[in-house]
Amino acid sequence: MGEIFKVGLMLMLVAVIAAVALGYVNSITSPIIAEQKEQAKLDAMIDVASSLAAGELQFDSLSVPNLANPYAEVDETLAVVSVTDSTGAELGFLFVAYGKGYSSTVQTMIAVNAAGIVTGNTILYQQETPGLGANVSNPEKFLYQFNGQNASSLLLSKDGGGLDSITGSTITSRAVTDSVRDGLDALSAAGLIPAEGGAQ
């Protein structure tokens with residue numbers, strides 16, 4: 001009985017030491033990870049916004065009255081960033097679309113011009129199946145089709161539109177497409193972009 005107590009006490013001590021060590025490492029690494037994520041997001045913003053215009057660009061978070069949040073279902077919020085040039089002329093907007101894929105919530109950063117046309121995009125985060133849904137991160141396999149499209153033309157061919165889904169990854173393809181369209185519809189309903197823009 002005493003031996004069992006000793007073993008239990010030793011296991012408890014090991015668990016407490018491991019928990020303290022884990023907490024310490026987490027307290028050190030959490031701010032670094034958060035900073036790296038913010039930097040990656042800023043780099044993506046600059047990269048995607050360059051599709052709106054060349055030269056120095058300025059970003060400003062917008063507070064938009066009556067802006068619907070199509071991403072509440074995945075516990076995210078639609079945040080809109082205005083993009084202007086060095087003279088202050090408005091070029092368009094950036095937002096992150098959140099779509100529930102096969103095994104993760106895929107985050108897609110979108111640049112849209114003032115006419116409501118998608119000009120650039122990139123995947124910020126995904127944990128989809130390697131070799132299948134994860135191909136959404138490769139622009140040449142899927143996202144290239146979004147450029148030049150407006151909300152009404154963002155539909156997979158399987159849903160009556162003209163976009164080809166990733167082979168074997170309809171769920172991921174649909175999640176990204178629908179989430180981007182939902183974001184554009186919300187911007188349109190809030191009066192930021194026209195209700196209908198023509199695909200270029």
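Amide H neighbours of TYR125 under 5 Å, at least 5 residues apart or on other chains, H built in the peptide plane: list them.
Amide H neighbours of TYR125, under 5 Å, 5+ apart: GLN107.
Quick one: helix 2-49 against the long Cα principal axis of the chain, what's the angle to the nearest 10°, folded into 0 to 90?
Helix 2-49 sits at roughly 20 degrees to that axis.
Projecting each Cα onto the charge dipole of the chain (Lys/Arg +1, Asp/Glu -1 at the beta carbon, about the Cα centre), which of ILE110, GLY8, VAL176 comes out farthest on the positive side?
Value computed over the given set: GLY8.
Pop the C-beta distance of SER157 and ILE17 into the FRET formula with R0 = 41 Å and round what comes out to the nearest 0.05.
Numbers: r = 57 Å, r/R0 = 1.39.
The calculated FRET efficiency here is 0.10.
Percent of Cα-Cα pairs per 10 Å bin, from 0 to the last occupied bin, for segment 50-189, please list those.
It works out to 12, 44, 33, 10, 1, in whole percents.
Extent of segment 1-99 along each principal axis, from alpha carbon coordinates, in Å, largest to smallest?
Computed over segment 1-99, the largest-to-smallest principal extents equal 78, 30, 20 Å.
Of TYR125, TYR24, TYR144, which has the largest mean-square fluctuation in a 10 Å C-alpha GNM of the chain?
Highest fluctuation of the listed residues: TYR24.
For segment 54-141, what does the relative contact order come out to in percent, with C-alpha contacts under 8 Å and a separation of six or more?
Values: 156 pairs, mean separation 16.2, N = 88.
Result for segment 54-141 is 18 percent.
Hey, what angle do you get for helix 170-189 against the long axis of the chain, alpha-carbon based, 0 to 90 degrees rounded to 10?
Helix 170-189 and the main axis of the chain meet at about 60 degrees.
If you place +1 on the Cβ of every Lys and Arg, -1 on the Cβ of every Asp and Glu, and leave all else neutral, what size is the dipole of segment 50-189 about its Cα centre, to the nearest 20 Debye? Present the calculation step by step, with values, prior to reporting the outcome.
On the way: 5 positive and 14 negative charges, 71 e Å.
Dipole magnitude for segment 50-189 comes out near 340 debye.
FYI, it's all coordinate maths here, none of it is from the lab. None of the values given here were measured: they were computed from a predicted structure. Glycine gets a Cβ as well: all are built from the backbone with ideal geometry, and neighbour counts include every protein chain shown.
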